[in-house]
Amino acid sequence: MLKRKEKTGEIPSLGMYIHVPFCSTTCDFCAFYQERPSKKGFDLFFNGLEREIEHFSQNRSFSTIFIGGGTPGLLNSEQLERLGGLIHSQNLSDPLEWSIEIAPSEISIEKLETLTKAGVNRISLGVQTFHPQLMKELGRMHEVETALQAYSMIRKVGFSSVNLDLIFGIPGQTLEMWQEDLAHAVDLQPDHLSTYCLTFEEDTALFIKLSKGKVKLDPEREITFYEKAWDFLPAHGYQQYEVSNFAKDGHICQHNLNTWEMNDWIGFGPSAATQFNGIRRKNFANLEKWAQQWNQAKGVEFEEFEQLNAAGLAHDTITFGLRMNRGISLNGIARKFDLPLACFKPVESFLDQLQNEGLVEKNDFWRLNKRGRILADAVAREMPVLS
């Protein structure tokens, strides 16, 4: 088993992710695994999920839960209650951060009340933009007014934390339109904001448009969008803690933080990924194949399976940690994974080089400055392996 050193008396964080794969339509930018809703599909999903959760039941308590998709809000109240019951069959920490992604068009007071009774305390609402023409570019099916009504219902029910997802770099989007989206979001006063640069994933409708020359990439324009959010949101009370994420005090997403720090999480459902006890694996991205194996006597199989070592996890902790504003401590990472500091010499030399290029600052922690965060993906690609 992978060896780690934990602080005395500290219980390692453990996250739970559940992938609900159902979507009525496919957004033009979405590359996540999904299925059209059907009675057969729902039956396969819940029967498989029940057996999978039972199979991987263990003694450690889950400290965070994240239900994503797909569109989890497509489940009706009875199904959401059933999902909550399956989750409560596990050991859960107190306090517990329990998040769910919701699409504006799938919200009702009844569903929201079912969620809060189950224990959900954090909602992530996929608004994406407040401009109707940009909604069409993304293939989103809801109207702006629908998103505003959904947000109002969420606040009425009284969840303790609400996130809004916004996207920039949309074809046809101007810097002025992006600033209007940011201002509209701030006026609503959510507790957390996620601002994602649009990516053109293979096999999506937007990627096909890109490959046909119907839309074009504009990296320089994307940089100005990043910088606008980085300046505007902190000036309005939202602390930036990661390249794409901003929060009011006390509302940082603990589930994401747990993942970025390379702590353990267990993923349930088709296509869900897991990192647990030195193993990284991914479930089959096929509802029927994933579900049917739980009715078979033979061993469980996965679409991807990787045995991890301490050096690899430390490397991932560095690359994800540099995306966070607080940065990284090489000494702390060495202690966490029980590695000698000498292993980090290539990394330290690379960070020294970035510091000379004006991309990194060093106090107690190494951290990317604003110029460096723009290049965070490139820094991750070039980060040397540990020696």
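Read the figures in this text as sums done on the coordinates, not as results from a lab. Since the model is a prediction, treat every value here as computed from it, not as a measurement. As a convention, Cβ positions derive from the backbone with ideal geometry for all residues, glycine included, and neighbour counts pool all protein chains shown.
Values as computed for the structure displayed
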| quantity | calculated |
| --- | --- |
| Share antiparallel - DSSP beta bridges, the chain, percent rounded to 5 | 40 percent |
| Among G237, S160, W178 the positive-end extreme of the charge dipole of segment 14-260 (Cβ point charges) | S160 |
| Computed lengthening from S61 to N47, 0.36 nm per intervening residue step minus Cα-Cα distance | 2.7 nm |
| Straight-distance crosslink candidates among aspartates and glutamates, where the alpha carbon sits under 18 Å from K156 and sequence neighbours closer than 8 are dropped | E101, E106, E110, E113, E145, D187, D191 |
| Chain lengthening between S160 and N356 when straightened (0.36 nm per residue, less Cα-Cα) | 66.2 nm |
| Exposure proxy order (Cβ contacts within 10 Å, fewest to most) of M383, M324 | M383, M324 |
| Nearby aspartates and glutamates by direct alpha-carbon distance to K362 (threshold 18 angstrom, same-chain neighbours under 8 apart not counted) | E242, E348, D352 |
| Cross-link pairs K40/K136; K39/K136; K39/K111 - those with Cα-Cα distance over 21 Å | K40/K136; K39/K136 |
| Residues S194, S61, S124 arranged by fewest to most Cβ contacts within 10 Å | S61, S194, S124 |
| Evaluated over the chain, the Cα radius of gyration and Dmax, each in Å | 21.2, 60 |
| Lys/Arg +1, Asp/Glu -1 at C-beta; the chain dipole; positive extreme among S77, A291, P346 | P346 |
| For R51, R281, R381, order by how many other beta-carbon atoms lie within 10 Å, fewest first | R381, R51, R281 |
